[in-house]
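Scroll down for the structure; my scribbles are underneath it.
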Amino acid sequence: MNLLLRLRGGRGKFALSVAVAVLVGLGAAGGAASEAKASATASASGARAVVAPGAAPGAVPGTAPVLPCAQVGRLDFGSVPGAATEIDSATPVAAADNPQGPWDACQVQGTIAPQIQFQLLLPTKTWQGEYLQDGCGGYCGSVGITTQAAAGCAPLTGGAFAVATDNGGHAGGTVFSASFGADPALRASFGYQSEHELALAAKAIITRFFGTGPRSSYFDGCSQGGHEALTEAQRYPHDFNGLIAGSPAGIMTELNVFFQGWNAQANTAPDGSQILTPADLAPLHNAVLQACDAADGTRDGLISDPLNCHFDPATLACDGRTSTASAFCLTPAQVTAVRKLYAGPRDAHGTLLYPGWQLPGSEANWAGWLVPVAPGAPSADQDIVQSTLRYMVSPGVDPSATYKDVKFTDAEFARITRANDGMYDATDPDLSAFRAAGGKLILWAGWADPEISPVGTIAYYQAVQRAMGGERATDQFARLFLLPGVSHCGGGEGPDQFDALSALTGWVTADKAPDSLLTSSVDPSGTTTATRPVFPYPQIAVDTTGGPTGQASSYTAQPGTRLGAVDWLGSFRSGYETVSGWVDGQWVTRPGKN
């Protein structure tokens, strides 16, 4: 049976079988002054919004465009401030041919200098004044619209939103390849610029097409897309009214070098072979469930409170025996490897180099990410670390670097992070400008995510709480939801389908903060097999009624274990950000957010 690994970033569920897993509006809060000017110009010229007739059955009629689709391709957007844009094509898409839902659209494809390729779908009969921008996954490089956390969102499938996405600032490559980083301008585009520039360009196009800009703007992304969402909140707080940041790679430099480098080295023997194999993961995971499943108050095959699980792999030590299917055990090297993975990347003094580690309950998801799927094949972590070292964190290119070159020392941490945090990381806990603009933020992660530890996401969220006046003050604009058994951006054993987008739009437009999200497990036929509520951290869902564990009504919110202070070499602080660009033929970096 194939285990599906998902690398999501809002441009689609990259669902990879184990065999190939190692490959993955002008808002109410504000906006660019140029967009306000464009809207004012449209109004002055007599353009006005009208209700579009002829919407598809079940769709809500919306604002009609003031231009035919083909004319968009002939418009000049080269003067959009901060986002010089060229339209490559503008093509009508019939409702029957629209993979996003049964609504007619104008598909616009274009390029923002230097290499931000994008796609924008403009509803021609159903637009309700909303704009949604999807993030990308991994190291990106391609364009394709699919929204991550919006299962069952009728306004989205009904064409209420203009929807856009891009390639993360560079063209080509694979999802785990950072070869674009040989060009420092593309590093900056990927690190912090691309989503802001797409927001500017998309809103300019929307304004020209409809004669008015979007009333509300939203962003949804996971993994790198989650990093992009946090970058928007921290650097460009007026771009979006609401943000969804799933499993965010916000602590990017430390994640891609030290966390994933540690994972890769922990499972590599001195002879280069892999210590743990895919066959070891299910029995290891079953032992963890046996030890910790009921500790969260519900025996349901999921660990809902992994911070309260303290499983010691030594309980499975072979002690001279040979592991068999009926009597599974771990060799001394395997016990050490699992302990290292649970401990996280540490220096010789025991201090973490990344504020996270593998949580008990994630073991079934390690294949492909941490554990190669076949002898001689690389894991995703090996690929990511190697590409990062070669192209992203040195002044030039280091084509011979591998994951084995990572050194877990204070000096190496300082060397890598001082040169790169300012461009890549999105760890500023001061979201006061975003909050002042009326912005709302939903963070989410899978408790069983092996690729981006949810511990790091919790640590950042708790830093936001400290910076923003405490839990109650933060709850007014930002909430974190953690999904039991769910892997990286989806998949795993827990219910992973949910609609955060509707929760976010309700929060933005009606000030209705989400007290829970309803998650579902859906089988390949589309049948819902289980439902479960997820409550804002630190609450967990516990079956207090004695009802079926696969039924949401059986659960109530109960206190979960809080993450304590995390002792790591880095910090969550303001003022570390930098901006970079070419000045008189020299690549110049200076302090600043934009």
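Residues that are closer than 16 Å to TRP447 by Cα and among the acidic types (Asp, Glu) within segment 319-370 comprise just one, GLU363. When GLY173 is tested against (1) at positive phi; (2) at pLDDT 95 or above, only condition (2) is not met.
When LEU330, LEU370 are screened for being under 15 Å from ILE275 (Cα atoms), within 20 Å of the chain's Cα centre (by Cα), crowded, with 23+ Cβ neighbours inside 10 Å and not small (Gly, Ala, Ser), only LEU370 passes.
How about segment 280-308: which of its residues are part of a loop (DSSP other than H, G, I, E, B) and surrounded by fewer than 16 Cβ atoms within 10 Å (Cβ to Cβ)?
To start, the set of residues in segment 280-308 that are part of a loop (DSSP other than H, G, I, E, B) comprises 297-305.
Answer for segment 280-308, where residues must be part of a loop (DSSP other than H, G, I, E, B) and surrounded by fewer than 16 Cβ atoms within 10 Å (Cβ to Cβ): ARG299, GLY301.
Screening GLY62 on (1) under 25 Å from GLY226 (Cβ atoms); (2) open to solvent by less than 20 Å² (accessible area, probe 1.4 Å); (3) at pLDDT below 95 shows it passes everything except condition (1).
Against the condition of a type in the set (Gly, Ala, Ser) and at pLDDT 95 or above, how does ALA84 come out, does it pass?
Yes, satisfied.
Of everything in segment 151-186, what is among the small types (Gly, Ala, Ser) and in a loop (DSSP other than H, G, I, E, B)? Give them in sequence order. Within segment 151-186, ALA151, GLY152, GLY158, GLY159, ALA160, GLY168, GLY169, ALA171, GLY172, GLY173, SER177, ALA178 qualify.
Can you find even one residue in segment 556-564 that is in contact with a Ser or Thr (Cβ under 8 Å, 6 or more places away or on another chain), farther than 29 Å from TYR424 by Cβ and not small (Gly, Ala, Ser)? Full working, then the answer.
Kept after step one, since they are in contact with a Ser or Thr (Cβ under 8 Å, 6 or more places away or on another chain), are these residues of segment 556-564: 556-558, 560.
With farther than 29 Å from TYR424 by Cβ added as a condition, the list becomes 556-558, 560.
So of that shortlist, the ones also not small (Gly, Ala, Ser) come out as 556, 558.
Looking through segment 556-564, at least one residue is in contact with a Ser or Thr (Cβ under 8 Å, 6 or more places away or on another chain), farther than 29 Å from TYR424 by Cβ and not small (Gly, Ala, Ser).
The sole residue among GLY225, GLY221 that is part of a strand (DSSP E or B) and either more than 8 Å from the chain's Cα centre (by Cα) or crowded, with 24+ Cβ neighbours inside 10 Å (or both) is GLY221. When you check LYS407 against the structure, is it open to solvent by 60 Å² or more (accessible area, probe 1.4 Å), modelled with pLDDT of 95 or more and within 23 Å of ALA178 (Cβ to Cβ), yes or no? Taking the combined requirement at face value, the residue satisfies it.
Counting only helices (runs of 4 or more DSSP H) wholly contained in segment 408-479, the ones carrying 1 or more residues that are acidic (Asp, Glu) occupy 410-424, 471-475.
Conditions tested, residue by residue: (1) under 25 Å from THR253 (Cα atoms); (2) not hydroxyl-bearing (Ser, Thr, Tyr).
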position: VAL464; (1), (2): yes, yes
position: ALA478; (1), (2): yes, yes
position: GLY490; (1), (2): yes, yes
position: ALA503; (1), (2): no, yes
position: PRO524; (1), (2): no, yes
position: THR527; (1), (2): no, no
position: ILE540; (1), (2): no, yes
position: ASP543; (1), (2): no, yes
position: SER553; (1), (2): no, no
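Once segment 373-395 is narrowed to residues that are under 19 Å from the mean Cα position of the chain (by Cα) and of a type in the set (A, V, I, L, M), the residue that is nearest to GLY173 (Cα to Cα) is ILE384.
Taking the criterion of being in contact with a helix residue (DSSP H, G or I) (Cβ under 7 Å, 6 or more places away or on another chain), within 23 Å of ARG299 (Cβ to Cβ) and of a type outside the set (D, E, K, R), the only residue of segment 492-516 that qualifies is GLY492.
So, in segment 169-210, exactly how many residues are in contact with a strand residue (DSSP E or B) (Cβ under 9 Å, 6 or more places away or on another chain) and under 18 Å from GLU86 (Cβ atoms)? Outline the logic, then answer.
Taking segment 169-210 and keeping what is in contact with a strand residue (DSSP E or B) (Cβ under 9 Å, 6 or more places away or on another chain), we get 169-171, 175-176, 184-185, 187-189, 191-195, 197-206, 208-210.
Adding the requirement that they be under 18 Å from GLU86 (Cβ atoms) leaves 169-171, 185, 189, 193-194, 197-206, 208-209.
The number of residues fulfilling the criteria is 19.
Going by what's in this entry, would LEU431 be described as at pLDDT 95 or above, farther than 30 Å from GLY491 by Cα and surrounded by 18 or more Cβ atoms within 10 Å (Cβ to Cβ)? Yes: the conditions hold for LEU431. Exactly one residue among ARG208, ARG215 is within 22 Å of ALA150 (Cβ to Cβ) and open to solvent by 10 Å² or more (accessible area, probe 1.4 Å), and that residue is ARG215.
Residue pairs whose Cβ atoms lie under 6 Å apart, separated by 6 or more positions or on different chains, with the first residue in segment 100-120 and surrounded by fewer than 24 Cβ atoms within 10 Å (Cβ to Cβ) and the second in a loop (DSSP other than H, G, I, E, B) and among the basic types (Lys, Arg), are ASP104/LYS125.
The values are calculated or read from the model by the stated rules, or taken from the named source; none is laboratory data. Since this is a predicted model, take the numbers as computed values, not measurements. Positions of Cβ are backbone-derived with ideal geometry, glycine not excepted, and every protein chain shown enters the neighbour counts. For the accessible areas, the whole protein counts, side chains as well, though only heavy atoms, and no ligand, DNA or RNA atoms are used. Shrake-Rupley method; radii C 1.70, N 1.55, O 1.52, S 1.80 Å.
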